[in-house]
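To keep things clear, I will list the structure first and then write my remarks on it.
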Amino acid sequence: MVPFAGYEMPVHYAPGILAEHRQVRASAGLFDVSHMGQARVLGSNAGQVLETVLPANLLELDVGLQRYSFFTDANGGILDDLMVARLPDSYHLVVNASNKTDDFLLLESLCKDNIEFRALTDHALLALQGPQASAVLETLAPGINALPFMGVQQVSLKGLTCTITRSGYTGEDGYEISVAAENALALASTLLESPKVTPAGLGARDSLRLEAGLCLHGNDIGPDTSPVEAGLQWAIPQCRRKGGSRSGGFPGADRILSEIEHGPVRKRVGICPQGRAPVRAHTSLLAPNGSSVGEVTSGGFGPSINAPVAMAYVAREFSTPGTALQAVVRNRPLPVQVCPLPFVPHRYYSPKTLRRPLS
Amino acid sequence: MSNLKYTTDHEWAHLEGDVVTVGITDYAQDQLGELVYVELPQSGSEVSAGQEVAVIESVKAAGDVKSPVNGTVIEINQVLNDEPEKVNEDPTGAGWFYRVRVTSPSDLDEMMDESAYQAYIATLD
């Protein structure tokens, strides 16, 4: 157990990080991610107000769908990244534990007049992740296997009211289940009754998201990085970009929209160390001529590819996959290569692949 | 092996003639978690007691392994290059790190024996 954002969190359970990681890729793992901040914003123009602090298209987001977005600051940095789901009566937000106090203050400051902010501090969050997740959840909530990737649905699981999204932080198919805290233990126990599911801790969560090329706020993104530097412009829809129907209107829009047009000066990339030595966060990256071109932001061992993996920011001219760089590890240069992200292909659920007739 | 000697940094040493085999203890591997990388000293290199001569990285952390003795490295456990998990599975057996021809076998006299080491780690939890 380790202290994490004010919570006592398990780094791993008895099987260990490698086994938990492989279990999620092969079958299913259950993560207790109740430390994440959950909140609802209600009111007829809640979407309009939320759009003033993040560059998503919430006004046209259909009920039942979720989007990935980020709160930006006036410099175009990322205050936090989050998930926003549209429920019939509200927007449901999930933010990072370490930022939730600031995020909630920001949201509260926006909520005037007819808009209500509700922090779901009495709710737990369980993440069921892996290729068997839908088969397991389907036995408890028939029909849930048809929920599309990034869909959200409010369902009753064994009589417990849950808000379920088809999303996660592992690159695998899976669900995140919001449930009243007093029912979390019962729900977790029920899910763990399946022989396909074992508990997984923070350690496996980190190695899984790193292999999937997903950013950790505080490491890979933060107030010092813009969404475009981070390669997250896919989360900024056309309507919020230059020439769009609601172009800009969020903090730092000038810089962010200009970077989309002209390209950022540095980019987040994947880094493949050539040997077996892991290259950790804050490691300097050098060009062949010895000049510094960037820094590693997350790094470790990728259990699914049995090799070290890392993410880094490098100057744009060194960001092409295949570029050879050196990482300074224990005062010695180690050869590394810029490589595409993710390291392990995403396997999110797509109805199309299931509807294809068997041949 | 009951005739192992231990350091406060959780290395073990086993003397046979003038050759000392070095590794990390079961306590150390348990604290580190699953190892994913072991970097060993060059065979033939001179090492001195207290010098950081090997690097270990686990899924959780990176650490250094200090040489408990003075001498010359005569053999390294090549298996650990590809199978660092051997250290977790059998830290005082197949998971040994390297062998040193020592200049003075009495270097080991000051190290802890099994019971002293067990008493020492009992104070750490």
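Quick check on region A:208-216. Is at least one of its residues outside any helix (DSSP H, G or I), buried (at least 20 other Cβ atoms within 10 Å of the Cβ) and within 14 Å of chain B (Cβ to nearest Cβ)? Scanning region A:208-216, I find no residue that is outside any helix (DSSP H, G or I), buried (at least 20 other Cβ atoms within 10 Å of the Cβ) and within 14 Å of chain B (Cβ to nearest Cβ), so the answer is no.
With the structure loaded, tell me whether A:Leu50 is in contact with a Gly (Cβ under 9 Å, 6 or more places away or on another chain), closer than 14 Å to A:His92 by Cα and in the same structural domain as A:Cys162 (by TED's automatic domain parsing) or whether it fails that test. Against the criterion (in contact with a Gly (Cβ under 9 Å, 6 or more places away or on another chain), closer than 14 Å to A:His92 by Cα and in the same structural domain as A:Cys162 (by TED's automatic domain parsing)), A:Leu50 does not qualify. Filtered by the rule that a residue be among the aromatic types (Phe, Trp, Tyr) and surrounded by 19 or more Cβ atoms within 10 Å (Cβ to Cβ), region A:1-50 gives a lone residue, A:Phe31.
Each residue in region B:19-44 was checked for being within 13 Å of chain A (Cβ to nearest Cβ), part of a helix (DSSP H, G or I) and of a type outside the set (Asp, Glu), and 3 pass. Candidates are the residues of region A:291-323 that are over 29 Å from A:Arg205 (Cβ atoms) and assigned to a loop (DSSP other than H, G, I, E, B); the one that is farthest from the chain's Cα centre (by Cα) is A:Ser291. Residues that are among the β-branched types (Val, Ile, Thr), over 16 Å from A:Pro335 (Cα atoms) and in the same structural domain as A:Val336 (by TED's automatic domain parsing) occur in region A:294-303; there is at least one. Note on region B:45-125: no enclosed strands (runs of 3 or more DSSP E) hold 3 or more residues that are crowded, with 17+ Cβ neighbours inside 10 Å, within 14 Å of chain A (Cβ to nearest Cβ) and touching a residue at least 60 places away in the same chain (Cβ under 8 Å). When A:Gly29, A:Gly37, A:Gly64, A:Gly6 are checked against the criterion of being on the phi > 0 side of the Ramachandran plot and touching a helix residue (DSSP H, G or I) at 6+ places or on another chain (Cβ under 9 Å), A:Gly6 stands alone in meeting it.
Please verify whether A:Val228 is part of a loop (DSSP other than H, G, I, E, B) and aliphatic (A, V, I, L, M), treating the condition exactly as stated. Spelling it out, A:Val228 is indeed part of a loop (DSSP other than H, G, I, E, B) and aliphatic (A, V, I, L, M). The number of residues in region B:35-44 that are surrounded by fewer than 22 Cβ atoms within 10 Å (Cβ to Cβ) and of a type in the set (A, V, I, L, M, F, W, C) comes to 1.
Modelled with pLDDT under 95, away from chain B (no Cβ under 11 Å) and in a loop (DSSP other than H, G, I, E, B): is that true of A:Pro264 in this structure? Here the answer is no, as A:Pro264 does not meet what is asked. Summed over region A:1-36, the residues that are among the polar types (S, T, N, Q) and part of a loop (DSSP other than H, G, I, E, B) give a count of 2. Scan region A:2-22 for residues that are out of contact with any His (no Cβ under 7 Å at 6 or more places or on another chain) and within 14 Å of chain B (Cβ to nearest Cβ) and the total you get is 13.
Report yes if A:Ala281 is at pLDDT 95 or above and within 14 Å of another protein chain (Cβ to nearest Cβ), otherwise no. Considered against the rule, which asks whether it is at pLDDT 95 or above and within 14 Å of another protein chain (Cβ to nearest Cβ), A:Ala281 comes out as yes. Reported count of residues in region A:284-299, each being small (Gly, Ala, Ser) and within 14 Å of chain B (Cβ to nearest Cβ), is 2. Of the candidates A:Val336, A:Val329, the single residue that is crowded, with 20+ Cβ neighbours inside 10 Å and either away from every other protein chain (no Cβ under 14 Å) or under 30 Å from A:Thr52 (Cβ atoms) (or both) is A:Val336. In region A:300-322, of all residues being surrounded by 16 or more Cβ atoms within 10 Å (Cβ to Cβ) and in contact with a Cys (Cβ under 9 Å, 6 or more places away or on another chain), the one that is farthest from the other protein chains (Cβ to nearest Cβ) corresponds to A:Met311.
Looking across B:Ser67, B:Ser2, B:Ser58, one residue alone is of a type outside the set (A, V, I, L, M, F, W, C), within 20 Å of A:Leu18 (Cβ to Cβ) and at pLDDT below 95. It is B:Ser58.
In the set (1) within 14 Å of chain B (Cβ to nearest Cβ); (2) over 24 Å from A:Phe318 (Cβ atoms); (3) surrounded by fewer than 21 Cβ atoms within 10 Å (Cβ to Cβ), the condition left unmet by A:Pro251 is number (1). One residue is enough: does region A:182-203 have a residue meeting the conditions β-branched (Val, Ile, Thr), surrounded by fewer than 22 Cβ atoms within 10 Å (Cβ to Cβ) and within 13 Å of A:His123 (Cβ to Cβ)? The answer is no; no qualifying residue exists. Within region A:123-136, residues that are at negative phi sit with their Cβ atoms under 7 Å from residues that are surrounded by 22 or more Cβ atoms within 10 Å (Cβ to Cβ) and acidic (Asp, Glu), at 6+ positions apart or across chains, in these pairs: A:Leu125/A:Glu176; A:Ala127/A:Glu176; A:Gln129/A:Glu172; A:Pro131/A:Glu172; A:Pro131/A:Asp173; A:Ala133/A:Asp173; A:Ser134/A:Asp173.
The values are calculated or read from the model by the stated rules, or taken from the named source; none is laboratory data. Quick caveat, the model's predicted, so the values are computed rather than measured. Here Cβ is always computed from backbone atoms with ideal geometry, including for glycine, and neighbour counts include all displayed protein chains.
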